[in-house]
Amino acid sequence: MLRWLIVRTFATVAVIAGLAALSKTLTENLETYFYLVLIQCGLAATLAVSLNLINGITGQFSIGHAGFYAVGAYVGASWTMLWRPHLERRLPILQTGNLLGDELNLVIALVLGCLAAAVAGFVVGTPSLRLRGDYLAILTLGFGEVIRVTLLNIDAVGGARGMTGIPTLTASGDLAFFWVFLVLIAVTLLTRNLMQTTRGLTWLAVREDEIAADAMGVNTTRVKVTAFVIGSTFAGAAGVLYAHFFTGISPDIFGMDVSIMITTMVVLAGTGSVTGAIIAGFVLTALPEAFRFLKDYRMVIFSLTLIVLMLTRPQGILGTAEIGIGTLTKLLRKRSPAARTNTTP
């Protein structure tokens, strides 16, 4: 047990150090445009994996994920712009402009944004106990629109103008890649580990047959609410990171089209596939940028590409399969010359 704890601690430290070093290298050597696209891909993948917890693993049909995204973004930005300035006089450690202050404020913003999004997830998840399918989709879609319209009418957070000039937290600006992909790794590991545990099997049981799962003693109420809370928490974290690294947010950024795009990522990935959700998040975010040279026709090509993928691969990119170290090892062994030589007809 102690040996396993030491190994996990060492692996965690190595990953954090590696991400910090890679973030610094990319910031200094990668063009700003490509760097921003990479950050957007990481945020999209986080949103896709977090929604996959709700739609893919527990079988709920939520299409209002942008609402949780918006809650996290606005609460995190409110801490940085509205609440922190009143506290930094009493707590000098909260002053920005240095590594400790910047990172501490970002962590606080992440915690507050995640908590607010989790509460929103609980509020939405509780009424969902009596709804499923299309009715649940309408409920969650309505929630997303309620959040957007509410933000439009709150002057304290800018109303229709939104919040601009959000501090990038200068020290964190060089670590944007670090924070975005650290959150992505966290939600990925949590989801993969959840699916391999007894608790995760109860989630899959709810997805396959909720009535049968309830008859076997599974607390379907707890499963569905927990899925909404965890999924919304990570969507809130993505919102906080978006607000602080793109320095401006407005209600229009979190509209219905964003919710539909996140849902498309999950469906295209293959419902329940974590690695598929990550791939879809990167592909659907980078593809419009790759087609930018086509100007007005790029969205037409993008839409046709999605249609072709759905017609040729209706179960998604990976279906229910996952890509792991074992899968890659087997694939490399099959393609290696030695493996082909030793294969007998």
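The values are calculated or read from the model by the stated rules, or taken from the named source; none is laboratory data. Not measured: the values here are computed from a predicted model. Here the Cβ positions follow ideal geometry from the backbone for every residue, glycine too, while neighbour counts run over all protein chains shown.
Here are the numbers:
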quantity: Yes/no for ASN105 being assigned to a helix (DSSP H, G or I), at pLDDT 80 or above, not hydroxyl-bearing (Ser, Thr, Tyr) and not assigned by TED's automatic domain parsing to the domain that holds VAL157; calculated: no
quantity: Close pairs (8 angstrom Cβ cut-off, 6 or more residues apart or separate chains): in contact (Cβ under 8 Å) with a residue 40 or more places away in the chain in region 191-217, among the charged types (D, E, K, R) and surrounded by 18 or more Cβ atoms within 10 Å (Cβ to Cβ) anywhere; calculated: VAL206/LYS224
quantity: Filtered residues of region 283-305 (kept if surrounded by 14 or more Cβ atoms within 10 Å (Cβ to Cβ), of a type in the set (Ser, Thr, Tyr) and free of Cβ contacts under 8 Å to residues at least 40 places away in the same chain); calculated: THR305
quantity: Single residue of VAL183, VAL187 found to be surrounded by 14 or more Cβ atoms within 10 Å (Cβ to Cβ), touching a Phe, Trp or Tyr at 6+ places or on another chain (Cβ under 6 Å) and in contact (Cβ under 8 Å) with a residue 40 or more places away in the chain; calculated: VAL187
quantity: Residue within region 69-92 that is touching a residue at least 60 places away in the same chain (Cβ under 8 Å) and surrounded by fewer than 14 Cβ atoms within 10 Å (Cβ to Cβ) present; calculated: yes
quantity: Condition met for ALA277 (at pLDDT below 90 and either assigned by TED's automatic domain parsing to the domain that holds ILE147 or under 29 Å from ILE154 (Cβ atoms) (or both)); calculated: no
quantity: Subset of region 206-237 that is over 22 Å from PRO127 (Cβ atoms) and assigned to a helix (DSSP H, G or I) - its residue that is nearest to the chain's Cα centre (by Cα); calculated: ALA237
quantity: Verdict on ALA160 being surrounded by fewer than 19 Cβ atoms within 10 Å (Cβ to Cβ) and part of a helix (DSSP H, G or I); calculated: yes
quantity: Residue in region 134-153 that is touching a Leu at 6+ places or on another chain (Cβ under 7 Å), assigned by TED's automatic domain parsing to the domain that holds GLU210 and at pLDDT below 75 present; calculated: no
quantity: Candidate set from region 14-73 (those that are at pLDDT 85 or above, aromatic (Phe, Trp, Tyr) and closer than 24 Å to LEU268 by Cβ); member that is nearest to the chain's Cα centre (by Cα); calculated: TYR69
quantity: Failed item, numbered, when ALA77 is tested on (1) of a type in the set (Gly, Ala, Ser); (2) under 23 Å from GLY158 (Cα atoms); (3) not assigned by TED's automatic domain parsing to the domain that holds ARG161; calculated: (3)
quantity: Total residues in region 155-210, condition of a type in the set (S, T, N, Q), more than 26 Å from PHE228 (Cα to Cα) and at pLDDT 80 or above; calculated: 1
